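Trainee: This is the structure I want to talk about, given as structure tokens.
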Number of protein chains: 4
Amino acid sequence: MSSSVGTLFRISTFGESHCAGVGVVVDGVPSRMKLQPSDIQIQLDRRRPGQSKLSTDRDEADQVEILSGVENGLTLGSPIGLLVRNKDQRPQDYGSMVQIPRPSHADLTYRQKYGIHASSGGGRSSARETIGRVAAGAIAEKFLLQEYGIEIVAWVSSVGDVDAKAVDLSSVTRNQVDANDVRCPDLSAAQQMSEQILAARGDKDSIGGVLTCVCRNLPAGLGEPAFDRLEARLAHAMLSIPATKGFEIGSGFDGARMRGSVHNDPYTFKNGRLGTLTNNNGGVQGGISNAEDIYFRVAFKPPATIGLAQQTVDYQGEKVTLEARGRHDPCVVPRAVPIVESMAALVIADLALIQKMRHPL
Amino acid sequence: MSSSVGTLFRISTFGESHCAGVGVVVDGVPSRMKLQPSDIQIQLDRRRPGQSKLSTDRDEADQVEILSGVENGLTLGSPIGLLVRNKDQRPQDYGSMVQIPRPSHADLTYRQKYGIHASSGGGRSSARETIGRVAAGAIAEKFLLQEYGIEIVAWVSSVGDVDAKAVDLSSVTRNQVDANDVRCPDLSAAQQMSEQILAARGDKDSIGGVLTCVCRNLPAGLGEPAFDRLEARLAHAMLSIPATKGFEIGSGFDGARMRGSVHNDPYTFKNGRLGTLTNNNGGVQGGISNAEDIYFRVAFKPPATIGLAQQTVDYQGEKVTLEARGRHDPCVVPRAVPIVESMAALVIADLALIQKMRHPL
Amino acid sequence: MSSSVGTLFRISTFGESHCAGVGVVVDGVPSRMKLQPSDIQIQLDRRRPGQSKLSTDRDEADQVEILSGVENGLTLGSPIGLLVRNKDQRPQDYGSMVQIPRPSHADLTYRQKYGIHASSGGGRSSARETIGRVAAGAIAEKFLLQEYGIEIVAWVSSVGDVDAKAVDLSSVTRNQVDANDVRCPDLSAAQQMSEQILAARGDKDSIGGVLTCVCRNLPAGLGEPAFDRLEARLAHAMLSIPATKGFEIGSGFDGARMRGSVHNDPYTFKNGRLGTLTNNNGGVQGGISNAEDIYFRVAFKPPATIGLAQQTVDYQGEKVTLEARGRHDPCVVPRAVPIVESMAALVIADLALIQKMRHPL
Amino acid sequence: MSSSVGTLFRISTFGESHCAGVGVVVDGVPSRMKLQPSDIQIQLDRRRPGQSKLSTDRDEADQVEILSGVENGLTLGSPIGLLVRNKDQRPQDYGSMVQIPRPSHADLTYRQKYGIHASSGGGRSSARETIGRVAAGAIAEKFLLQEYGIEIVAWVSSVGDVDAKAVDLSSVTRNQVDANDVRCPDLSAAQQMSEQILAARGDKDSIGGVLTCVCRNLPAGLGEPAFDRLEARLAHAMLSIPATKGFEIGSGFDGARMRGSVHNDPYTFKNGRLGTLTNNNGGVQGGISNAEDIYFRVAFKPPATIGLAQQTVDYQGEKVTLEARGRHDPCVVPRAVPIVESMAALVIADLALIQKMRHPL
């Protein structure tokens, strides 16, 4: 638990913002799979800071090293250790914040829980913790693509009050997503989102947003009732990402306003199998994939660390004004795209391996 | 996994709608706790069908038997086995549906996954599976109340398009919730919700809704980053309940529209500790409880089984019209109240026991 | 953990000696397997007390009820709940022992751990706890036999100082084992063992013994390095049985006295595959089955509860003489045969399901 | 599972003999504990090859790097990543063995399981995998010593046919153990053992041995019935070490020859508590520590890789003569001492943290 997740495809992450490095041990990766660092680096590059003017201007290369589990470009079936060195192990910018818990940040709760907190940068609650997840997720994705043809694509569907128009779940690609810095395939909305983010940055403020993710070509039968239901595992994975506040699958909260006669997805015969005419269920019925597209949305709050003055108190309860320094993202959702994709891949890979126990010999 | 959940406070549920019974093994219950069947029965009675004109008119007493783990009214620290006998083991109403997978129900996906499905009544995907959860949750709640003073109260906050007005999180009680059949403490909204449910029933249709739940008096420090974050575990627990489509904590999806300067919860000194002036985070920061109220919302889709004619296909792909028979709830949210409370209690009890590992001797 | 074990084929046991019943939830049982109570009862009957003059004269029928997971004689893939009612819920014989912790029994340590102990009969440390294991193991055995042809046979290989002659691992059957009350297929040794047990009983004393178990027809490839090595999982399973003190596989402790040139098992080509000429490794290499016979030995100490006077102290530390009453087995190994077989079956079934994740689609 | 073990104090190891490095992620380490690399290095130095003429003459420094979880010499409560770089990533000596599975080694079974095997050096089945365990175990030991005063000491109690005389469990120290290369505190036996090992080496052969381990000052109450019994967890841990074939605790297999009246450990009042006059149970009753010394023995087979000619077959089934090259230990038990200690520490640390859930607030 805690820093490990998964049953058969299982990861254990480690590392905080200013230690030697961050990484992950990935256990359960199928053997004889081709794997090289570039398979992993591609998603790390989409996650790293400094990609565009919309994110922090910290520039961290985040180069991954494969420590184990791969020989001659093939996976051995043994645990794959992955390491990304931290560039800045000695922070400069955080000194003033040591005496003041940043509002809505984890400074206080880590201290309450552990009796100690990394002196700077968020420690384990930092977004750098997600590097291990993205690295592991890239391996899971590669497995899912070659074994089942599964494609996972996430994008920014809202920033602040700007909503993207509906995106075609059946066809949207990562290239389309990456065509702009916001990672929103609705170009008109993307332009407005970009303006919102820059405006927030200009105000030394931050802004929230929503990601949508689609997973295509899942076989039917993935998900283990009652507690490893596919949507339960996805919800768990998404809410384990820093700054997330909500998850909905298929019709989601809107579905709660519907009648059954409208919400139900009637069956039809298509593609040589039973399929559904609509997809309000988002690809799951009874916790199990039904071979339709899985799609879900994840809400991210605005980043807690802002430069704007905040009236708060220090650890002694004395009133203070905090103006956070440091280089922070004004909006996390563009960089969260590969994180959401990776967490989805890890969940699906685990449930796919589990479902194999039901194969006849 | 699968039918078990939890690390130290751990449950394993069993049973489907038409077998001998349903139940649960609850492991990790602290010893020397007073426990008798009535402590458990009270929540089962709130969950059972036939309580009001708003639910199915099936009348199942659902009497719990404590099989083990308790002696002379005290828990022994050993696993507590709980059993509720099924009344109707031989169903009458479902015969015609065996050849037709009910739209948006688990009939098809169970067959795809297991190669077999219980002949009737939903089998393991039936709401009866939640009896074990509610029984176990009642024990968790009792522990949390006596050890920490924790109170957990859920209520119906929307049905269809009817939304309750804001409820006072700090004071709402189960008595207020149970004062009407809908279980909505806003009496005006409750009346409209009741009408919506009865209208759906009259139309042989069903309707969705949303529950809100508050957990008060949690100590600071519960939740294990990275993958046992409190909100991740709650999201997992809630999305493992049948018919759920969404979860949000604190500001949730609305928070994704805010700026950080609005969303952040500044600290103040109150009640002898650092607390927050607002609570957009919903009582968690960095995945760890901060001693403020935890509150979250859970979306339930409309029940899939409806009497209205549906155009669909049978297992052979032949077009058919399905008019489901049987006695079904037109809306699940009133009866889901104790289920949500129980799942929350199970999560918090587990994380509370884990946090004890950090106590000095 | 604690009362649950297994990853995919997973059991959760419950119950102590004088509660309503004992049982188990078995999760992960493959679906569409024929299963009826008699499949389970046959092993419970071999475990129950009162079978012969060598065991306690308590007579408990131990009838199993299948609570869930089976319909029309076929498994559904859902958890199988199994319950055996306790006959005597109100003990008579233990009253005097409540103030005196029985030497080498769990009375004291349960009290130290939980702050409470079942008032009589050993509570959770009672041999009745193993009923759930045997019931679950019978299901695992049925699966292993029909899917792989795996046969598991255990027998008594020593009682006190009496050792059975070598038994042919490749052919010994349960019928041969059950041909006498001691469950030793070496009839001459069996006679002497029987005399040793009766002599111990006559002296109000008890006596220890050793079981040997062979598992035939395992496919190669079962066992998950590093911590789910087959021998590690077997050792865990065996030492979790009450009264066990040792485990050895293959050459075991004798192997530690050998040189590599003697101990190594050279390969040969046999039965269309690579096999070994000798089997000092006991069917495992590097933690993974090699398709040779698995065999191992388990040491059981003499039962702690004896009628002979023991000089000890009570809970207050006052010197007392204890003469335990009650009906106890003078030697547990004959009845432990199905327990050892069941635990082996549970381990192998779990590892077999896990290995299926490596099947191509 | 697989490469992870533990519930609250949990490790995940990675690495094989010729990849970039080996290591471990240690989760659940209590926060605010002083920790520096030298705390870990001391046990790694006792494990490393090339320490004496009794082991392989490969000389690997095995310097540990702390990647995460520690700041300013204090643990943060977050996962501690530990890495030891492999010196020789490009093996020279194993080329000829690629076509021939070494008898009693894991070459064949890894290939059967994974369809691939590391080209050399044993891959994941190599003794280098234990580096992560020893590094993690050193942290566990430090925690146990400072929190409970627990001391863990293992030593070589037999090599081939040479047995050490009884060692005083209550007083033996690591200094006494390390006073000679064999790590046997009985100096006379140590001399004979050394001769046996050198003779085996001279013959290009190998030889087995037995370790004994004592754990002192455990509090009463550790161990979780039924499946996390202390002895079950220890057996699991020990049999997960490469080359082990047996485990016994307390009286072990000898106890199986005794009568209860001899084997039972009567209680007495000592040191202000109930204790036992004898300790045949080895410090556990009913799976729970009783505050007496824990002691157990572990059997190691002779190393499989020997230079002596062996008649075997290659992967194609063709008869061949194999004379293994490479630098191998003729006997593993001297270097296994810190491995056994570390695995014991990991088990006890995990069970100690779990038992804290029973503390009152």
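Trainee: Is the range A:308-326 home to any residue that is at the interface with chain B (Cβ under 9 Å from one of its Cβ atoms), over 16 Å from A:Cys184 (Cβ atoms) and acidic (Asp, Glu)?
Mentor: Yes, that holds for at least one residue.
Trainee: Is it the case that some residue within the range A:19-32 is modelled with pLDDT under 90 and out of contact with any Pro (no Cβ under 6 Å at 6 or more places or on another chain)?
Mentor: No, the range A:19-32 contains no residue that is modelled with pLDDT under 90 and out of contact with any Pro (no Cβ under 6 Å at 6 or more places or on another chain).
Trainee: So, B:Ile11, is that one within 20 Å of C:Thr130 (Cα to Cα) and within 8 Å of chain C (Cβ to nearest Cβ) or not?
Mentor: no
Trainee: Among the residues of the range C:80-100, are any assigned to a helix (DSSP H, G or I), touching a Pro at 6+ places or on another chain (Cβ under 6 Å), modelled with pLDDT under 95 and closer than 30 Å to C:Thr312 by Cα?
Mentor: no
Trainee: Something else now. Wholly within the range B:261-361, which strands (runs of 3 or more DSSP E) include no fewer than the required count, namely at least 1 residues that are under 21 Å from B:Lys142 (Cα atoms)?
Mentor: B:294-300
Trainee: Need the failing condition index for B:Ala235 against (1) under 26 Å from B:Ser171 (Cα atoms); (2) more than 21 Å from the chain's Cα centre (by Cα); (3) facing chain A (nearest Cβ under 7 Å), just the number.
Mentor: (2)
Trainee: Does the range B:222-229 include one or more residues that are at the interface with another protein chain (Cβ under 7 Å from one of its Cβ atoms), under 24 Å from B:Ala127 (Cα atoms), of a type in the set (D, E, K, R) and buried (at least 24 other Cβ atoms within 10 Å of the Cβ)?
Mentor: no
Trainee: Being at the interface with chain A (Cβ under 10 Å from one of its Cβ atoms) and surrounded by fewer than 20 Cβ atoms within 10 Å (Cβ to Cβ) is the filter; apply it to the range B:327-361 and report the residue that is farthest from B:Gly209 (Cα to Cα).
Mentor: That would be B:Pro360.
Trainee: Restricting attention to the range A:114-151, report how many residues are under 29 Å from A:Glu65 (Cα atoms) and at pLDDT below 95.
Mentor: Total satisfying the criteria: 13.
Residue-by-condition table, conditions (1) more than 7 Å from every other protein chain (Cβ to nearest Cβ); (2) in contact with a strand residue (DSSP E or B) (Cβ under 8 Å, 6 or more places away or on another chain); (3) of a type outside the set (Lys, Arg):
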site	(1), (2), (3)
B:Glu248	no, yes, yes
B:Tyr267	no, yes, yes
B:Leu277	yes, yes, yes
B:Asn280	yes, no, yes
B:Gly286	no, no, yes
B:Glu292	yes, yes, yes
B:Ala299	no, yes, yes
B:Ile306	no, no, yes
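Trainee: I would also like to ask the following. Looking only at the range B:232-242, decide whether some residue is part of a loop (DSSP other than H, G, I, E, B), among the β-branched types (Val, Ile, Thr), farther than 27 Å from B:Glu147 by Cα and touching a residue at least 12 places away in the same chain (Cβ under 8 Å).
Mentor: No; the residues of the range B:232-242 include none that is part of a loop (DSSP other than H, G, I, E, B), among the β-branched types (Val, Ile, Thr), farther than 27 Å from B:Glu147 by Cα and touching a residue at least 12 places away in the same chain (Cβ under 8 Å).
Trainee: Starting from residues that are in contact with a helix residue (DSSP H, G or I) (Cβ under 7 Å, 6 or more places away or on another chain) and either more than 8 Å from chain B (Cβ to nearest Cβ) or among the acidic types (Asp, Glu) (or both), keep the ones in the range C:25-37 and report whichever is nearest to A:Arg358 (Cα to Cα).
Mentor: C:Pro30
Trainee: I would also like to ask the following. Name every residue in the range B:152-184 that is within 14 Å of another protein chain (Cβ to nearest Cβ), in contact (Cβ under 8 Å) with a residue 60 or more places away in the chain and of a type outside the set (Val, Ile, Thr), in order of residue number.
Mentor: B:Ser157 - this is the single residue of the range B:152-184 that is within 14 Å of another protein chain (Cβ to nearest Cβ), in contact (Cβ under 8 Å) with a residue 60 or more places away in the chain and of a type outside the set (Val, Ile, Thr).
Trainee: Return only the number of the condition from (1) of a type in the set (Gly, Ala, Ser); (2) at pLDDT 95 or above; (3) more than 19 Å from the chain's Cα centre (by Cα) that B:Ala154 does not satisfy.
Mentor: (3)
Trainee: What pairs come up if the first residue lies in the range D:111-131 and is farther than 16 Å from C:Val284 by Cα, the second is of a type in the set (S, T, N, Q), and their beta carbons are under 6 Å apart, counting only those six or more places apart or on different chains?
Mentor: If the second residue must be of a type in the set (S, T, N, Q), the pairs left are D:Gly115/A:Ser31; D:Ile116/A:Ser31; D:Gly121/D:Ser17; D:Arg128/D:Ser17.
Trainee: If you don't mind, another one. What number of residues in the range D:201-217 are in contact with a Gly (Cβ under 8 Å, 6 or more places away or on another chain), surrounded by fewer than 24 Cβ atoms within 10 Å (Cβ to Cβ) and within 12 Å of chain C (Cβ to nearest Cβ)?
Mentor: The qualifying residues number 2.
Trainee: Okay, moving on. Looking at (1) surrounded by fewer than 23 Cβ atoms within 10 Å (Cβ to Cβ); (2) not in a strand (DSSP E or B), can you tell me which one A:Cys19 breaks?
Mentor: The one condition A:Cys19 does not meet is (1).
Trainee: Follow-up question, since we're still on this one. I'm checking my understanding of the structure. Among residues of the range C:250-259 that are out of contact with any strand residue (DSSP E or B) (no Cβ under 7 Å at 6 or more places or on another chain) and either facing chain D (nearest Cβ under 8 Å) or hydroxyl-bearing (Ser, Thr, Tyr) (or both), which one is surrounded by the fewest Cβ atoms within 10 Å (Cβ to Cβ)?
Mentor: That would be C:Met258.
Trainee: Also: So if I check each of A:Ser188, A:Ser240, which one is of a type in the set (S, T, N, Q), crowded, with 20+ Cβ neighbours inside 10 Å and farther than 30 Å from B:Asp107 by Cα?
Mentor: On inspection, the qualifying residue turns out to be A:Ser240.
Trainee: Looking at the range C:141-161 only, could you name the residues that are among the small types (Gly, Ala, Ser) and within 27 Å of D:Phe253 (Cβ to Cβ)?
Mentor: The answer is C:Ala154, C:Ser157, C:Ser158, C:Gly160.
Trainee: Right, next: Yes or no: D:Thr109 touching a strand residue (DSSP E or B) at 6+ places or on another chain (Cβ under 6 Å) and either surrounded by 24 or more Cβ atoms within 10 Å (Cβ to Cβ) or within 14 Å of chain C (Cβ to nearest Cβ) (or both)?
Mentor: Judged against the criteria, D:Thr109 is a match.
Trainee: Oh, and also: Test of understanding: among D:Gly272, D:Gly287, which residue is over 22 Å from the mean Cα position of the chain (by Cα) and on the phi > 0 side of the Ramachandran plot?
Mentor: D:Gly272
Trainee: Separate question: If you scan the range D:30-50, which residues turn out to be part of a loop (DSSP other than H, G, I, E, B) and buried (at least 17 other Cβ atoms within 10 Å of the Cβ)?
Mentor: Once the filter is applied, which keeps residues that are part of a loop (DSSP other than H, G, I, E, B) and buried (at least 17 other Cβ atoms within 10 Å of the Cβ), the range D:30-50 yields D:Pro30, D:Ser31, D:Met33, D:Leu35, D:Arg48, D:Pro49.
Trainee: Let me ask something else about it. Please give the number of the condition C:Ala138 fails out of (1) more than 17 Å from C:Leu351 (Cβ to Cβ); (2) outside any helix (DSSP H, G or I); (3) more than 14 Å from chain D (Cβ to nearest Cβ).
Mentor: Answer for C:Ala138: the failing condition is (2).
The values are calculated or read from the model by the stated rules, or taken from the named source; none is laboratory data. Keep in mind the model is a prediction, meaning the values are calculated, not measured. We place every Cβ from the backbone using ideal geometry, glycine too, and count neighbours over all the protein chains shown.
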